[in-house]
């Protein structure tokens, strides 16, 4: 079977043929959406799969939070560590047995190489995840320890090189400690499962350090059964006995902490959700196999077949469990795909915000505001792989993607609302997840504002419809009823000229009222003469001194109906408020254009008011109407200082 490496992207939905974490391996897709999202959109010349999108150019290394390096350097560092580890494992093993090496030694080499390979795979593709670097560090201790042991067993290292070889060989103790404690404890994202483990971590660090010093400085009596030249750094006498005893105590303590970690994994497995349990079971098996294999190695002879089985089990169990969790359950964005006779490792990189919105763009354009929020919530859920995601408006309205269960694990503000996410289907939220959600909060915040604005506009339209209905019912309709009754009476009684004249006057008044009502909906002078003429006509009938100032260039210009209507009714509402509430004796209206904006300003010398203490009135719906056109409205007033209302919209003719 041919093996290929493929870069892919995680789409916002489960497209046909794309790997599903619940199904495991599945055919790699040629779906157009994948090709469109995968950067250049071209197919790989060897595997026939889409090229991956461009990865971030810089990344912050998790073990040095103050250091940000290029992605290329992070990849080079991971490859260098893995390469040094592999060289140490191979060289040390061959120095130990010489050439030709027996099958058991080659088997040992292959098993040991799995750890640096897995560490490189995760660190190179997710350099911001501490776990990949932890695996590389563990593998490096194994590689250097194996090289040092090979140098000492072969007798090649003598004199000062023997000191360096002894130092490297002692790193086997650090490898044991990391493998027993930290690799299973920090699975899968490099973070502690809870703060209560901080004390346990410090105990493990001290125990591993003491164990390492005990091996490094142990007396010749400990080294001679294995290494013919003894320990060039060993302590003699009582100091040697003491350091050996401390080393043994550190080893026992490390083993006890390892058992506690294994028990903790079992408890997390029992209490966890199904998705978490599927992941932890692999780590439990791997951790138990590693600890059990190394413990069995202490009770069997080093030259027996049982020793080989115990050693291979101790080294291979943990990488095997991690690999199963990574590939089987889509952990750390690495998947397995199969096409024909070829096996693909698909590095399913997280999409950027631009890619998510590009994928959603056509659907969002055709959707209503609330439906937009639903699709954005779905994008958040798919992009972060959470069990559910919700977009919440300021009034408490929630649009949820998925089945909402339990408390939100991550919440960020988004404009006038917020985004809430449930737990991830696998692992915890990383810094990358938080950055992605923070970036998505911007367009989602705009969508929330759009939905709120649309809701207010709908409410304003409903209020206006009811006002027109009330005016018709209370005014023109009653006049028409009275006119019909008068006509019926005149017909029945044979009314004379006076009765007909009265009925004619009633009909004229009804017609006048009907025209004024229609003018309140959309004045005919606005449709015929434009904004400047309509504003002057409206202000000419006011009972107070009113000045209208219009830029000369605006008298002959026309704008879109919605722009002229919004500014006209803003002026109408402002002058009506000045007369009705402010008791103004003078009003000034200005209509200007500047900086690409069409502006109106209505000022009066009335009693004024405190805007912060005044509820949203007739100008509120007009502000929403202006905002929908890309404009705005503000009111400046103070008790006894009059009022100034300013409105603007983009001056698009």
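The values are calculated or read from the model by the stated rules, or taken from the named source; none is laboratory data. Keep in mind that what you see is a predicted model, and the values were worked out from it rather than measured. Quick reminder, even Gly has a Cβ in these numbers, built from the backbone with ideal geometry, and neighbours come from all protein chains shown.
The criterion of at least 1 residues that are surrounded by fewer than 19 Cβ atoms within 10 Å (Cβ to Cβ) and at pLDDT below 65 is met by the following helices (runs of 4 or more DSSP H) wholly inside the stretch 32-139: 32-37. Find the residue count for the stretch 362-393, including only residues that are in contact with a helix residue (DSSP H, G or I) (Cβ under 7 Å, 6 or more places away or on another chain), assigned to a loop (DSSP other than H, G, I, E, B) and modelled with pLDDT of 70 or more. Looking only at that region, the number is 1. Among residues of the stretch 149-161 that are assigned by TED's automatic domain parsing to the domain that holds residue 95, those with a Cβ under 7 angstrom from a residue that is modelled with pLDDT under 80, sequence gap 6+ or separate chain, pair up as 151/157; 152/227; 153/227; 155/228. On the basis of being surrounded by fewer than 16 Cβ atoms within 10 Å (Cβ to Cβ), under 49 Å from the mean Cα position of the chain (by Cα) and modelled with pLDDT of 85 or more, does residue 586 make the cut? It is false that residue 586 is surrounded by fewer than 16 Cβ atoms within 10 Å (Cβ to Cβ), under 49 Å from the mean Cα position of the chain (by Cα) and modelled with pLDDT of 85 or more. For the stretch 405-428, the set of residues classified as part of a loop (DSSP other than H, G, I, E, B), farther than 25 Å from residue 282 by Cβ and at pLDDT 80 or above consists of 407, 408, listed by residue number.
Out of all the residues in the stretch 233-250, which are crowded, with 17+ Cβ neighbours inside 10 Å and under 9 Å from residue 214 (Cα atoms)? Of everything in the stretch 233-250, those that are crowded, with 17+ Cβ neighbours inside 10 Å and under 9 Å from residue 214 (Cα atoms) turn out to be 240, 243, 244, 247, 250.
Taken as a whole, the structure leaves residue 228 outside the set of residues that are modelled with pLDDT of 85 or more and surrounded by fewer than 15 Cβ atoms within 10 Å (Cβ to Cβ).
Looking at (1) out of contact with any strand residue (DSSP E or B) (no Cβ under 9 Å at 6 or more places or on another chain); (2) farther than 28 Å from residue 583 by Cβ, which is the only condition residue 569 fails? Looking at each condition in turn, residue 569 falls short on (2).
The condition of being modelled with pLDDT of 85 or more, in a loop (DSSP other than H, G, I, E, B) and surrounded by fewer than 18 Cβ atoms within 10 Å (Cβ to Cβ) holds for only one of 646, 616, 558, that being 558.
Considering only the stretch 141-162, I want to know if a residue exists there that is over 30 Å from residue 241 (Cβ atoms) and crowded, with 24+ Cβ neighbours inside 10 Å. Yes: the stretch 141-162 contains one or more residues that are over 30 Å from residue 241 (Cβ atoms) and crowded, with 24+ Cβ neighbours inside 10 Å.
Within the group 263, 222, 259, which residue is within 30 Å of residue 385 (Cα to Cα) and in a helix (DSSP H, G or I)? When all the criteria are applied, what remains is 263.
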